[in-house]
Amino acid sequence: MTISNPHDRYFREIFSDPVVAQDLLRNYLPPAAVAGLDLTTLALQQESFIDEELRQHFTDVLYTVQQQGGAPAHVYILFEHKSYADHLTSFQLLRYLVRIWERMLRQSEPLTPIIPLVFYHGVEKWDAPRSFADLLRAVEGLESYAPRFDYELLDLSAIPEQQIKGEVLLRAVLLAFRSVLRPGVGVRLLDIVRLLSELTSERSGLQYIETLLRYLVAAPSDLTITQIRTVLETVGKEKRTMLISPAAQEWLEQGREEGREEGREEGREEGREEGREEGLARGKRQLLLDLITYRFGAPDSALREALDGCSPEQLSAVSHIVLDASNASEILLKIREMPQP
């Protein structure tokens, strides 16, 4: 099976981990469905059931799972990576569910329940019918001739960030999916990397950070290499060393070259390293301004001047202040309390 775009690759790479998949289903399937399944038996199947011409807009994963008591069942996740809801999603789902049941029959397996979950991270709120029968608009007396099934929906456009559920890794993954199609990804990246850095004591955490960065760079968004470099430089020194994968090192090296070029353009041949540091400091200030604007609205002149007076080390400390502050005045107060550079 060919994986055709970065959304596909990231989705499959993340949710091939049964621990992450279990966390997703445990938090986003109805409690009655979770109670009826033994999620510890969840196993990924490699086959895809999506039509070739639709794979630019959809990704699917199928899991086998045992019901409580041992009978087999399946969970089918349809990942829709368009920026808007597809009105015919339930019709497409019906086709894919039938294909799965046909596969069971070909393999001489009994037909089993399939729980369909639509995973949507578009910008517009999901407004497509949740029941297949709603597509048919059957008049009274004809309802019994309309196939009926519903699907579960994880609509990230409708979930406030603070209400995203799950363990650290799942929350970071969902935040990345929620952010990538929206403006200001660089602002959200600071939150995501900060969250994922809690996992860096484990090798798997480092792998997920690198996977995240590769996804955000490859996916269509307004994220720039400069913003990635700035975020990596903003985290603490110890964690920064752990976060810098070979790919990130390449991006940072590119940043060093950009800094040297800035120094040459300004006639500071002897200040190539200084040019790089100034470029990073400007990037940090802009990222912090964007983050403050995102959280509290446009900063006033006093806060802007305070940021302009911060050293690169102080700007790194300010990033944590911004994320933890309850208002812009608190940020200004804490900056003024810092020792002068």
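Scanning the stretch 3-52 for residues that are open to solvent by 50 Å² or more (accessible area, probe 1.4 Å), among the hydroxyl-bearing types (Ser, Thr, Tyr) and under 22 Å from LEU216 (Cβ atoms) yields one hit, SER16.
Scanning the stretch 131-164 for residues that are outside any loop (DSSP other than H, G, I, E, B) and either more than 21 Å from LEU195 (Cβ to Cβ) or open to solvent by less than 60 Å² (accessible area, probe 1.4 Å) (or both) yields a count of 17. Against the conditions (1) in a loop (DSSP other than H, G, I, E, B); (2) under 23 Å from the mean Cα position of the chain (by Cα); (3) farther than 23 Å from ASP134 by Cα, LEU111 satisfies every one except (2).
Considering GLU305, GLU313, GLU330, the condition of being more than 16 Å from GLY186 (Cα to Cα), assigned to a helix (DSSP H, G or I) and at pLDDT below 80 is satisfied by GLU313 alone. Consider the stretch 87-116. How many of its residues are buried (at least 17 other Cβ atoms within 10 Å of the Cβ) and touching a helix residue (DSSP H, G or I) at 6+ places or on another chain (Cβ under 7 Å)? Residues that pass the stated criteria total 4.
The values are calculated or read from the model by the stated rules, or taken from the named source; none is laboratory data. Note that this is a predicted model, so its numbers are computed, not measured. When we count neighbours, we look across all protein chains shown, and the Cβ atoms used for this are built from the backbone with ideal geometry, even at glycine. Note: areas computed on protein heavy atoms with side chains; ligands, DNA, RNA excluded. Shrake-Rupley method; radii C 1.70, N 1.55, O 1.52, S 1.80 Å.
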